Amino acid sequence: MAEPLLEIENLTVAFPTGRREMARVVDGVSLTLNRGETLGVVGESGSGKSMTALSILRLVPEPGRIVQGTITLEGRDLLALPEKAMRPVRGGKIAMIFQDPMTSLNPVFTVGEQIAEAVRIHRGLRGAGAQAEAVEALRRVHIALPERRARQYPHELSGGMRQRVMIAMALACRPDVLLADEPTTALDVTVQAQILALIGELRRDTGMAVLLITHDLGVVAETCERVVVLYAGQVMEQADATTLFSRPAHPYTQGLLASLPEAVPEDAKRLPFIPGQPPSAAQAPTGCPFRPRCPRAMPGVCEKPLPTVTLAPGHVVRCHLYPPPPAPTNGGARMDAGNVPSGTVPAGTPIRGGGGGL
Ligand code: SF4
């Protein structure tokens, strides 16, 4: 039985664009991360993936701000906590690893000192105990000669090793949640596979939950139990990984999957792609934000607010192609696996507009 650990409800993050206007870079996102699972968050650059993760730690860069929503960790609303109470949560309860470790590691301290400092702050270990824990953390992420590496500076290590150091630092504090923001994008394919295997191994050993942010659907297919597809700051589709890859419902998800090189026939002359660009947050169209790029857009329909439709337990889509369910009786639909509104749409329900996939 899935046990919710981190719950995000109707999260909206906006940046000022003029005197009175705010551009929503995250727009009403709701999702749940269950204990011990890996949840993939996918979408193009600018879809709101990283901003959602930064919001969880309340690290939205100025002048952006969270204008709406709740973020709950084990029943505690993180957005309502005083700043002082947030400090042990950052790094202690929730750790984050970033795409480029060079921008996250301090170049003037050895990696061992940096891990030991995190351990001192979040676990209260001191002196030799903290140093020993730092070495142990490096060993846990399969860094050879960890005693020696702990005495080295970030620039003395390879890219893959620096990323391992970041993971070691994050995990040394034994977090309940790991936010991994494109953790392997800067790495070559071999190291990428090692890092993903390592995160999976540590998740199984420690029972932590992982929110894996990526634009790489291949990585998601290999590592995630469930997937959330973001577009223009909004959740477009959510399902378990098997369902999403075998029966994608949203035209955007279908377009992403059709663009995978593995999905393209060998004799194809060109790789399929989704035409156009994602809208800027300041100029998002009314109704469906994917409308200008969608081959199935229906004039007069897709300009309207998007319905939230549950196609099967845990498979939720926001698109006018699917008939909206009857008015909910439970206070509103929510894009969460396991929370199925009363008006679900049976699998195989004909869709509006007809036509095939992208
Ligand atoms: Fe396409 Fe309309 Fe569905 Fe948006 S709502 S994805 S424009 S069919």
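The values are calculated or read from the model by the stated rules, or taken from the named source; none is laboratory data. Note that the structure is a prediction, hence the values are computed from the model and not measured. For neighbour counting, all protein chains shown are included, and Cβ atoms are generated from backbone atoms with ideal geometry for every residue, glycine included. To get the accessible areas, we keep the full protein, side chains included, count just its heavy atoms, and leave off ligands, DNA and RNA. Shrake-Rupley method; radii C 1.70, N 1.55, O 1.52, S 1.80 Å.
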- Item | Residues within the range 124-143 that are without any contact (Cβ under 8 Å) to a residue 60 or more places away in the chain, open to solvent by 70 Å² or more (accessible area, probe 1.4 Å) and closer than 26 Å to Val210 by Cα, tallied | 3
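Yes/no per residue for (1) among the aliphatic types (A, V, I, L, M); (2) assigned to a loop (DSSP other than H, G, I, E, B); (3) open to solvent by 20 Å² or more (accessible area, probe 1.4 Å):
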residue	(1), (2), (3)
Leu179	yes, no, no
Thr185	no, yes, yes
Glu201	no, no, yes
Asp205	no, no, yes
Gly218	no, no, yes
Ala221	yes, no, yes
Val228	yes, no, no
Met236	yes, no, no
Ala249	yes, yes, no
- Within the range 260-318, how many residues turn out to be near the ligand (Cβ under 9 Å from one of its atoms) and outside any loop (DSSP other than H, G, I, E, B)? 4
- Restricting to the range 72-93, what's the tally of residues that are out of contact with any Leu (no Cβ under 6 Å at 6 or more places or on another chain) and in a strand (DSSP E or B)? 3
- Item | Residue count, the range 215-235 (criterion: more than 19 Å from Thr38 (Cα to Cα) and within 13 Å of the ligand (Cβ to nearest atom)) | 3
- Would you please list the contacts, defined by Cβ atoms under 6 Å and residues six or more apart or on different chains, that run from a residue in the range 157-170 that is without any contact (Cβ under 8 Å) to a residue 60 or more places away in the chain to a residue that is surrounded by fewer than 24 Cβ atoms within 10 Å (Cβ to Cβ) and β-branched (Val, Ile, Thr)? Gly160/Val191; Arg164/Ile143
- Only one of (1) open to solvent by 60 Å² or more (accessible area, probe 1.4 Å); (2) farther than 30 Å from Glu37 by Cβ; (3) small (Gly, Ala, Ser) fails for Gly276. Which number is that? (1)
